[in-house]
1. With respect to residue 185, is the statement that it is in a helix (DSSP H, G or I) and in contact with a strand residue (DSSP E or B) (Cβ under 8 Å, 6 or more places away or on another chain) true?
2. Taking the range 153-164 as the region of interest, how many residues are part of a strand (DSSP E or B) and surrounded by fewer than 22 Cβ atoms within 10 Å (Cβ to Cβ)?
3. Tell me, yes or no, whether the range 45-64 has at least one residue that is more than 21 Å from residue 207 (Cβ to Cβ), touching a residue at least 12 places away in the same chain (Cβ under 8 Å) and over 17 Å from the mean Cα position of the chain (by Cα).
4. Please go through (1) touching a residue at least 40 places away in the same chain (Cβ under 8 Å); (2) under 23 Å from the mean Cα position of the chain (by Cα) for residue 37 and return the number of the only condition it doesn't satisfy.
5. Residue 207 - would you say it is at negative phi, in contact (Cβ under 8 Å) with a residue 60 or more places away in the chain, touching a helix residue (DSSP H, G or I) at 6+ places or on another chain (Cβ under 8 Å) and assigned to a helix (DSSP H, G or I)?
6. Can we say residue 143 is surrounded by fewer than 19 Cβ atoms within 10 Å (Cβ to Cβ), farther than 21 Å from residue 204 by Cβ and in contact with a helix residue (DSSP H, G or I) (Cβ under 9 Å, 6 or more places away or on another chain)?
């Protein structure tokens, strides 16, 4: 292994350690004490009336132009209310069934927004399949079941950012994170940082839309600061009925632009990006 690759591998070791620890535990949900135990820095953010978070999402910018209406015909599927009666012979949906329904409906609306909003007003997110990414770690789990159902990146070597959608067979709670959310963020961050496209970067920010039971969802932004996984997340939004404001808010962030410095000079030497030896210690964000 080259010195550059060896230094990069050492730089990412805390992520691999975190992934191994999270894989081994049985807890489905982690509060602040549990998150601190695993050296995960997590903070719930508040959104103002324009959807701007405080504290900010450092690596993503929302689209600020008008979005198309949330229209079933143009999206190509019907929104299903949580309380819609099941037809005779149909089984009641589990939490992940409701999460899958709202997750794919959101992806449909996101695609409509990307079609209607053109030019410099939105991020240039690529249309790909998950199998198009050379990721080896599983992006799904069981007991309870969870799965990453969509990943997108930007066709630009300048930005290693990823956008993803996941679904979860469990109910979430404000102030806590689901184990699968953290595990998916950890695996995606690790895999992304070790791709050829990201070799000049020491941060690979992730914007996640997480949908869960009973028919709820939230946004999370995560990045690795050189020592720890840092996660900012919103409150949980209710999508048991067609929450147009919530869907529009999520889509505004979903088609927004990547931003931020992912080539922090204070970490370049330590990561081996410039081919030098070990530099100073990584700065905390």
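The values are calculated or read from the model by the stated rules, or taken from the named source; none is laboratory data. Keep in mind that what you see is a predicted model, and the values were worked out from it rather than measured. Please note: Cβ atoms are built from the backbone with ideal geometry, for glycine as well, and neighbour counts cover all protein chains shown.
1. yes
2. Of the residues in that region, 2 qualify.
3. Within the range 45-64, not a single residue is more than 21 Å from residue 207 (Cβ to Cβ), touching a residue at least 12 places away in the same chain (Cβ under 8 Å) and over 17 Å from the mean Cα position of the chain (by Cα).
4. Answer for residue 37: the failing condition is (1).
5. Working: at negative phi: yes; in contact (Cβ under 8 Å) with a residue 60 or more places away in the chain: yes; touching a helix residue (DSSP H, G or I) at 6+ places or on another chain (Cβ under 8 Å): yes; assigned to a helix (DSSP H, G or I): no.
Against the criterion (at negative phi, in contact (Cβ under 8 Å) with a residue 60 or more places away in the chain, touching a helix residue (DSSP H, G or I) at 6+ places or on another chain (Cβ under 8 Å) and assigned to a helix (DSSP H, G or I)), residue 207 does not qualify.
6. In short, no.
One line per residue, one yes/no per condition, for (1) closer than 26 Å to residue 127 by Cα; (2) at pLDDT 95 or above; (3) not in a loop (DSSP other than H, G, I, E, B):
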residue: 220; (1), (2), (3): yes, yes, yes
residue: 226; (1), (2), (3): no, no, no
residue: 232; (1), (2), (3): yes, yes, yes
residue: 240; (1), (2), (3): no, yes, no
residue: 245; (1), (2), (3): yes, yes, yes
residue: 248; (1), (2), (3): yes, yes, yes
residue: 274; (1), (2), (3): no, no, no
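Matching residues to (1) closer than 17 Å to residue 233 by Cβ; (2) touching a helix residue (DSSP H, G or I) at 6+ places or on another chain (Cβ under 8 Å); (3) touching a residue at least 24 places away in the same chain (Cβ under 8 Å):
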site	(1), (2), (3)
101	no, no, yes
115	no, no, no
129	no, no, no
181	yes, no, yes
